[in-house]
Amino acid sequence: MSQPLPLRLGVNVDHVATLRQARGTAYPSPLTAALIAQASGADSITVHLREDRRHIQEGDVVDLLNTLSVPLNLELAAEDAILTLAEEWRPQACCLVPEKREELTTEGGLDVAGGGPRIVDAVGRLRETGARVSLFVEPDLAQLEAIVATGAQAVEIHTGAYAEAREPGRRNALLEGITDFAHRAAEAGLEVHAGHGLTVDNTAPIARIAPVQELNIGHSLIGDAVLIGMAAAVARMKNLMVHTRLSQPAAAPSYSAL
Ligand code: PXP
């Protein structure tokens, strides 16, 4: 019988920088937070270098790349200036996200089907650097063909609507949509990730989706870290993910393994 796929935790440290930028101080350090996360079970560290530099700064990315032993996943918009920086820095992983200046956080997934050549070109530039490239998308099956055609190796499913849904029927319907999309994306040869709005209270149902291999979690972990410490917050989330995954029936073999 095949084993369940491992489920990795990517810890997003953007909001450590949010706290630092609120006062323009040198603390708290996203690098120190990332090193504690790494020592506490994080499989990778994620940062989003936004166009307005509201939290993570360019120097943070350089420091993280020079210091971490786990991979760095750089979230970025498909814009020339930031793509040029990614080409220079060559992070191990890149996740293309839509970005609007006025939004509080990344509010929706990329419109890959309607995005024209911009996303395809960005994926090509990032793949040239050797990065694993993922696209942050809504679980919309109508986008799947266009996602595969970009040449990205992975897809990150936006779990924000699921995380925000309060009514159980709506939440279950959204979970079903995510589950269906995850299976179809894996069958199409994509590595499947998920993230946004995940907390210790809503992560288990996502961790149970057999083809999902990586969760990227930030805001709730940094919030928990304020109360219980970064090491405890990361270790608790990782334990929850691993325990949930190991108590699952094995994933069906992928087509390529048949
Ligand atoms: N994945 C992507 C692509 C994101 O843009 C974000 C938010 O920066 C996250 C995951 C993490 O979301 P949250 O901070 O709500 O955990």
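Every number in this text was worked out from the coordinates using simple rules, so none of it is lab data. What you see is a predicted model; the values in this text were computed from it and never measured. Because the Cβ atoms are built from the backbone with ideal geometry, glycine has one as well, and the counts that use them run over all protein chains shown.
Values computed for the structure shown
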item: Ordering of 173-179, 80-86, 150-156 by burial proxy (mean other Cβ atoms within 10 Å per residue, highest first); result: 150-156, 173-179, 80-86
item: Cα-based Rg of the chain normalised by 2.2 N^0.38 Å, two decimals; result: 0.96
item: Cβ-placed point charges (K, R +1; D, E -1), dipole of the chain about Cα centre in debye, nearest 20; result: 760 debye
item: Longest site-free stretch - the chain; sites: trypsin sites (Lys or Arg not before Pro), DSSP loop, at most 12 other Cβ within 10 Å; result: 167-258
item: Built amide H within the under 5 Å cut-off of residue 8, gap 5+; result: 214, 215
item: For region 1-92, with +1 on Lys and Arg beta carbons and -1 on Asp and Glu, the positive-most of 89, 28, 72 along the dipole; result: 28
item: Region 192-236 residues near the modelled residue 19 label - backbone nitrogen below 16 Å, point 7 Å along Cα→Cβ; result: 218-235
item: Diffusion constant of region 70-161 at 10 °C, which comes from Stokes-Einstein with the Kirkwood Cα-pair radius and 1.306 mPa s, µm²/s; result: 120 µm²/s
item: Helix-only CD estimate at 222 nm, as mean residue ellipticity for the chain, using -39500 (n - 2.57) per DSSP H run (n ≥ 4); result: -13000 deg cm²/dmol
